[in-house]
1. Would you say ALA193 is closer than 17 Å to CYS33 by Cβ, buried (at least 16 other Cβ atoms within 10 Å of the Cβ) and modelled with pLDDT of 95 or more?
2. List the residue pairs whose Cβ atoms are under 8 Å apart, where the first residue sits in segment 65-86 and is within 18 Å of THR46 (Cα to Cα), the second is of a type in the set (Lys, Arg) and more than 12 Å from the ligand (Cβ to nearest atom), and the two are 6 or more positions apart or on different chains.
3. Among the listed residues ALA165, ALA128, ALA143, which satisfies the condition of being assigned to a helix (DSSP H, G or I) and either more than 30 Å from GLU90 (Cα to Cα) or more than 12 Å from the ligand (Cβ to nearest atom) (or both)?
4. Pairs please, first residue from segment 21-43 and of a type in the set (Ser, Thr, Tyr), second anywhere and in a helix (DSSP H, G or I), Cβ atoms under 8 Å, 6+ apart in sequence or on different chains.
5. Could you list all residues from segment 1-42 that are in contact with a helix residue (DSSP H, G or I) (Cβ under 8 Å, 6 or more places away or on another chain) and either part of a strand (DSSP E or B) or among the basic types (Lys, Arg) (or both)?
6. Which of the following residues is closer than 25 Å to ILE227 by Cα and near the ligand (Cβ under 9 Å from one of its atoms): ALA65, ALA75, ALA84, ALA101?
7. Among the listed residues LEU216, LEU149, LEU140, which satisfies the condition of being free of Cβ contacts under 8 Å to residues at least 24 places away in the same chain and touching a strand residue (DSSP E or B) at 6+ places or on another chain (Cβ under 7 Å)?
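The values are calculated or read from the model by the stated rules, or taken from the named source; none is laboratory data. What you are looking at is a predicted structure, and each value in this text was computed from that prediction instead of being measured. Glycine also receives a Cβ, built like all others from the backbone with ideal geometry; neighbour counts cover every protein chain displayed.
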Amino acid sequence: MNKYQMQPDCLIGKTILITGAGAGIGKTLALQCAKLGATVILLGKTVSKLEAVYDQIAALDKCQAAILPLDLRGATEQHYKDLADTIQREYGKLDGLVHNASQLGVLGPFAQIEKALWDEVMQTNVSAQYLLTKSLIPVLTLAEAASILFTTSAVGNQGRAYWGAYSVSKFATEGMMQILADEYENSHLRFNAINPGATRTTMRANAYPAENSSLLKTAQQIMGSYIYLLSDESRAVTGQRFNAQ
Ligand SMILES: NC(=O)c1ccc[n+]([C@@H]2O[C@H](COP(=O)([O-])OP(=O)(O)OC[C@H]3O[C@@H](n4cnc5c(N)ncnc54)[C@H](OP(=O)(O)O)[C@@H]3O)[C@@H](O)[C@H]2O)c1
């Protein structure tokens, strides 16, 4: 995968939904997918940010985009069912689903985690992924081959002091990916997880306020692994965890 070279039209004809597409890695990925020919569905909670990405995609004059405003903290199962119905009606299938949006919560001693914050992190980072995946599987099944990509972290398979609810949520994310990959092993749906590694975004700055962010990779610099996993090059790959760096 490290030798993968993005081909200019490798996502043509594909419709891809990205959560947290208004900022950070999700925004960069949405723009990259559009540049490579995909129709991108931008899901996020701040409409103005999604509109700005939409405008940038429209300016490419290459492909379509759509905005799906949704706060993953409060969305109900019905919201996800309605969303899946809309995608099936408008696009007929879904080729890619990227679970990118996450909430960091507050880093600190485990015994001091507020129950309300724990619930919020689990709702955004775990329950929302479960509900979104569950509702979209029928639409993903309509694609010739569909890639479902979960976002993990260095603390998603190795616990670390003070990373509390966020770390637990990423362990759950990797577990969800492995269960789905096993259940759909003999299908045309593939499930993988990607760890972006230290990347220059708002979340990273919140986790490490004192570090020199100019030394970090930009989101654009880690796009290769994401595009590989969304392109047909990775059709046979499922149940794996990738480091983007
Ligand atoms: N950056 C890193 O170094 C790093 C390292 C390891 C893993 N990751 C993972 O990579 C992914 C992207 O991280 P990032 O650094 O790009 O984060 P980011 O800059 O904080 O962006 C997160 C995005 O998720 C959206 N989001 C957050 N809560 C949401 C909610 N309740 N409903 C809908 N959308 C929501 C945000 O929308 P708003 O802007 O509207 O709030 C934003 O667009 C995350 O899963 C993160 O855990 C990042």
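1. no
2. As it stands, the answer is TYR80/LYS134, since those pairs meet every condition given.
3. Answer to the selection: ALA165.
4. Filtered contacts from segment 21-43: THR28/ALA219; THR28/GLN220; THR28/MET223; THR39/TYR91.
5. LYS14, THR15, ILE16, LEU17, ILE18, THR19, LYS27, LYS35, THR39, VAL40, ILE41, LEU42
6. Only one candidate passes the filter, namely ALA101.
7. Numbers: LEU149 fails: free of Cβ contacts under 8 Å to residues at least 24 places away in the same chain; LEU140 fails: free of Cβ contacts under 8 Å to residues at least 24 places away in the same chain.
Checking each option against the conditions leaves just LEU216.
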